[in-house]
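Read-outs: derived from the displayed coordinates by stated rules, not from any lab. From a predicted model like this one, the values you see are computed outputs, not experimental measurements. Cβ coordinates were reconstructed from backbone atoms using ideal geometry, including for glycine residues, and neighbour counts include every protein chain displayed.
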Amino acid sequence: MTNDLLAEVKDGIATLTLNRPEARNALSMEMRSALYDRLVEYERDDNVRCIIIRGAGEHFQAGGDVKSFSEMASLSPDERLKMFEKRIHTLTPTILTMLRMPKPIIASVRGGAAGFGLSLLLACDMVIASEDAFVTLAYIGIGTSPDGGGTFMLPRVVGMKKAMEIAMLGDRFDAETAKDLGLINFVVPTDDLESETAKLAKRLANGPTVAIGRTKQLLNHSLQHSLEEQLSLEAQGFAFCASSNDWAEGVTAFKEKRRPVYKGN
């Protein structure tokens with residue numbers, strides 16, 4: 001496994017660290033491959049109940065490796081077209097896995113989340129950021145359109161007109177502004193980011209994993225269904241959760257006026 005991505009699992013929480021701090025964790029081919037492999041592994045691992053994605057050093061993720069892009073500028077337009085279309089498609093399985101997997105994914109953000117870094121943040125279920133964090137879609141700055149699902153998720157979060165502004169102007173937003181826009185859930189003091197991320201991850205990992213997974217699935221697909229279809233899926237989801245041990249524990253704990261102890265099944 002490449003050193004461009006570090007992985008650790010402890011107490012039901014998997015932590016994935018994008019590890020190219022000297023390049024602001026810009027996306028390498030090795031990093032994107034390793035990220036996908038680890039996510040698929042954790043999706044299937046019942047011992048993993050929550051995932052944290054973070055960046056090493058002072059930044060979360062600065063998008064693609066623009067330095068490597070510059071080396072391709074001398075290629076012909078047709079060569080660049082074929083190369084980048086193939087390269088960008090390698091991100092598709094990663095984003096689909098993140099949205100599909102029935103486990104919560106937290107982005108823990110310090111410093112910059114730019115370009116694909118913002119698309120990656122949007123693909124996570126919750127975002128906790130330090131006071132010094134900032135976000136920018138950035139692609140327009142190098143004359144290209146976004147990738148990584150950014151154009152799918154951004155208008156669903158901020159609305160179409162604001163998404164147009166963010167994508168076309170490429171402006172930078174500080175953590176509090178990003179929170180007001182709905183891009184970030186929680187902003188915490190910079191020195192507390194790690195501990196506050198751990199608290200949030202522990203809360204999710206100790207929750208009813210089956211119910212969290214079904215809730216994530218319902219919300220992610222809600223805009224693609226009619227009300228009637230969504231009501232039907234909600235009924236299926238509730239029934240499925242009610243067949244789990246977690247549901248029985250939750251109801252029993254409520255009756256006994258104690259805190260439930262969920263096992264994730």
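Observations
- Residues of type lysines that Lys263 reaches as a straight line, Cα spacing below 24 Å, ignoring anything fewer than 8 places off in the same chain: Lys10, Lys103, Lys199, Lys202, Lys216, Lys255
- Comparing Glu196, Glu41, Glu228 in a Gaussian network model of the chain (Cα springs below 10 Å), the most mobile by mean-square fluctuation is Glu228.
- Mean-square fluctuations from a GNM of the chain, with a 10 angstrom spring cutoff on Cα atoms, peak among His89, His225, His59 at His225.
- From its DSSP helices (H runs of at least four residues, each -39,500 (n - 2.57)), the chain gives a residue-normalised ellipticity at 222 nm of -15000 deg cm²/dmol.
- Loop-located trypsin sites (Lys or Arg not before Pro) in region 181-265 whose Cβ has at most 15 other Cβ within 10 Å (DSSP): Lys257, Arg258, Lys263
- Most mobile of Gln236, Gln217, Gln61 in a GNM of the chain (Cα contacts under 10 Å): Gln236
- From the coordinates of this entry, Rg/Rh (Cα atoms, Kirkwood Rh) is computed, and it appears in [x] 0.99; [y] 0.95; [z] 0.93 under the label [x].
- A straight Cα-to-Cα reach below 19 Å connects Lys162 with the lysines Lys179, residues fewer than 8 places away in its own chain not being considered.
- Calculated Rg and Dmax of region 1-91 using C-alpha coordinates, Å: 15.3, 51
- Using C-alpha pairs under 8 Å with a sequence gap of at least 6, the mean separation divided by the residue count of region 5-205 gives a relative contact order of 20 percent.
- Tail beyond 18 Å, pair distance distribution of region 209-255 (Cα, percent): 33
- Percent of beta bridges antiparallel (DSSP, region 4-81, rounded to nearest 5): 45
- Per-residue 3J(HN,Hα) values for region 132-140, derived from phi via the Karplus relation 6.51 cos²θ - 1.76 cosθ + 1.60 with θ = phi - 60°, read 8, 6, 8, 10, 7, 6, 6, 3, 4 Hz in sequence order (x marks Gly and Pro).
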